[in-house]
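Just below is one structure, and these are the notes that go with it.
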Amino acid sequence: MLPNPRPCLEDIRPYKPGKPVEQVIRELKLRGPVDKLASNENPMGPSPKALAALRRELKNIYYYPEDSCWLLREKLAKRYKVGMDSVTVGNGSVELILLSCLAYLDQGNELVMTRGSFIMAKIGARVMGAKLVEVPPDNYSHDLDAMLEAVNDRTRLVYIDNPINPLGTMATKDKLNKFLKELPEQVLLVLDEAYAEYITAKKYPNSMDYYKAGRNVLILRTFSKVYGLAGLRVGYGIAQPEILQTLSKVRLPFNVNRAAQVAAAAALDDRAHVTRSRKNNEAGKKLLYKEFERYRVFHLPSFANFVFANFPVDSDIVFGAMQQRGVITRPVKMYGFPNALRVSIGTPPQNRRFIKALSEVMKQLQGVG
Ligand SMILES: Cc1ncc(COP(=O)(O)O)c(C=O)c1O
């Protein structure tokens, strides 16, 4: 007989990441280049400055890391002009989402989020046995009015990913300002800005204004996207010191390893790498939009480094056919979109191979239809 897990875990389906490239090559016996456009990584790779710092640090890995992430927090605090006690670092921003659930949710409490948003907050709420209140998106965007209506005395957390993964749409500054004006003060807003560095649009909210106004927001950013360090697992949060002290009660000691800390600190200084990556992303998105338009595939203009595309057939069919051609994309069924794929922007050669594979698959589909 097996031990009984907590009943609230019954509904949790463990997070299922895309398969690593090596596994796909092995399973499908693929030859030639295989392009992983599935996990919104930076196709330009890590910042060269981060790599150099990483090499210098390797000889020190027999030491535990600095638990306080001092150097990285110091740099982040300077960058955002806040005190160091308003900055925390996590094992990816996913850790910080989970910590906010561990720290603020109990049975009987509620977390409000958009149905189809990035899945970590949903898992966190369930882990805590709290009630998950999922608000349907409105025209593929957060329905902030409906989210406000869903907030009540039991609400402790609201999670907003801006832009939303997997849709790539944005809650604008005007709308989010209004939302925060009306959100009860004691509710913590977890504002996940994983793709912020890619965005130049003026209507993107300046979330630091909320922090400076003393609001209860936890602003989350990551080194996994534009900085190209997804494999090292490092993200950070900015919030009032009292909130971060609460989060630190539930985190593991040494949650961010040595390599991650030094590489992230170096990457933060590599503005040229960020600019290069942003340019590549903008050009790649335009290219993909054009191709989706060519085949009349519904898609959304994206503020992130991926494009959401909804096909006229089950996405598994398109996904499988693309994968056979060496292009790995991401079906987003678990987010509630059975026909949609999320396609991460690649390098120019990767985008060209995506376009070639898409044209073959679309012709095949149209032939069948
Ligand atoms: C909205 C959002 N938040 C968080 C993450 C995870 O980031 P990290 O690698 O920092 O845990 C992702 C990754 O895809 C994301 O899309």
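None of the figures in this text is laboratory data; all of them are computed from the coordinates on show. Being a predicted model, the structure only gives us computed values, none of them experimental. Cβ coordinates were reconstructed from backbone atoms using ideal geometry, including for glycine residues, and neighbour counts include every protein chain displayed.
The table below gives the values:
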{"read-out": "Criterion (buried (at least 17 other Cβ atoms within 10 Å of the Cβ), within 30 Å of residue 308 (Cβ to Cβ) and under 23 Å from the mean Cα position of the chain (by Cα)) met by exactly one of 13, 115, 126, 73", "value": "126"}
{"read-out": "Residues that are assigned to a loop (DSSP other than H, G, I, E, B) and in contact with a strand residue (DSSP E or B) (Cβ under 6 Å, 6 or more places away or on another chain), drawn from the range 59-104", "value": "69, 92"}
{"read-out": "One residue from 76, 111, 51 being of a type in the set (A, V, I, L, M) and more than 16 Å from the ligand (Cβ to nearest atom)", "value": "51"}
{"read-out": "Strands (runs of 3 or more DSSP E) enclosed by the range 163-263 - at least 1 residues per element that are more than 16 Å from the ligand (Cβ to nearest atom) and not hydroxyl-bearing (Ser, Thr, Tyr)", "value": "188-192"}
{"read-out": "Members of the range 79-102 found to be aliphatic (A, V, I, L, M), surrounded by fewer than 23 Cβ atoms within 10 Å (Cβ to Cβ) and more than 12 Å from the ligand (Cβ to nearest atom), listed by number", "value": "82, 84, 102"}
{"read-out": "Some residue of the range 239-250 being among the basic types (Lys, Arg) and touching a residue at least 12 places away in the same chain (Cβ under 8 Å)", "value": "yes"}
{"read-out": "Checking residue 341 against (1) part of a loop (DSSP other than H, G, I, E, B); (2) crowded, with 21+ Cβ neighbours inside 10 Å; (3) of a type outside the set (D, E, K, R), the condition it does not meet", "value": "(1)"}
